[in-house]
Amino acid sequence: MVLVSPSGEVRIIRSRTADDTGWNCSDGAAIDDGTANDPSSWNAYTPQQLAADLQLAREVGEISGHRALGGGLASWDACSGRPCVLPKLARLVR
């Protein structure tokens, strides 16, 4: 698994700690289960999920200023009444 913090820090999980209370990471530092499972601190991805999400963010960034969108990304989901997540993805790319 790959852990990504809201600030962009990345930790790659290797194995369980000897006392089985957390995870050993590729940088040599362990992370306890409570912190690793806290969604406000880390989001867990498989390498494939992370690659797919980064590809989507790149594609959204490429089309974010396209004239064909007219009202912009914020209007894409206006009919459903749900908040649109595409502007958030575009900010991640930038």
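Could you tell me which residue of the stretch 34-44 is farthest from VAL4 (Cα to Cα), considering only residues that are surrounded by 10 or more Cβ atoms within 10 Å (Cβ to Cβ) and either at pLDDT 95 or above or not charged (D, E, K, R) (or both)? Write out each step before concluding.
So the first thing to find is which residues in the stretch 34-44 are surrounded by 10 or more Cβ atoms within 10 Å (Cβ to Cβ), and the list is 34-38, 41-44.
From what's left, either at pLDDT 95 or above or not charged (D, E, K, R) (or both): 34-37, 41-44.
Working: GLY34: 15, THR35: 12, ALA36: 10, ASN37: 12, SER41: 8, TRP42: 5, ASN43: 5, ALA44: 7 Å.
This residue is GLY34.
For the stretch 10-19, does any single residue satisfy the condition of being surrounded by fewer than 15 Cβ atoms within 10 Å (Cβ to Cβ), within 19 Å of the chain's Cα centre (by Cα) and acidic (Asp, Glu)?
Scanning the stretch 10-19 turns up no residue that is surrounded by fewer than 15 Cβ atoms within 10 Å (Cβ to Cβ), within 19 Å of the chain's Cα centre (by Cα) and acidic (Asp, Glu).
Quick one: which of PRO87, PRO47, PRO83 is over 15 Å from VAL2 (Cβ atoms) and either modelled with pLDDT of 65 or more or touching a Phe, Trp or Tyr at 6+ places or on another chain (Cβ under 6 Å) (or both)?
The conditions single out PRO87.
If you scan the stretch 28-62, which residues turn out to be among the aliphatic types (A, V, I, L, M) and without any contact (Cβ under 8 Å) to a residue 24 or more places away in the chain?
Matches in the stretch 28-62: ALA29, ALA30, ALA51, ALA52, LEU54.
The values are calculated or read from the model by the stated rules, or taken from the named source; none is laboratory data. Quantities reported herein were computed from a predicted structural model and do not represent experimental measurements. Every residue, glycine among them, receives a Cβ derived from its backbone with ideal geometry; neighbour counts consider all protein chains shown.
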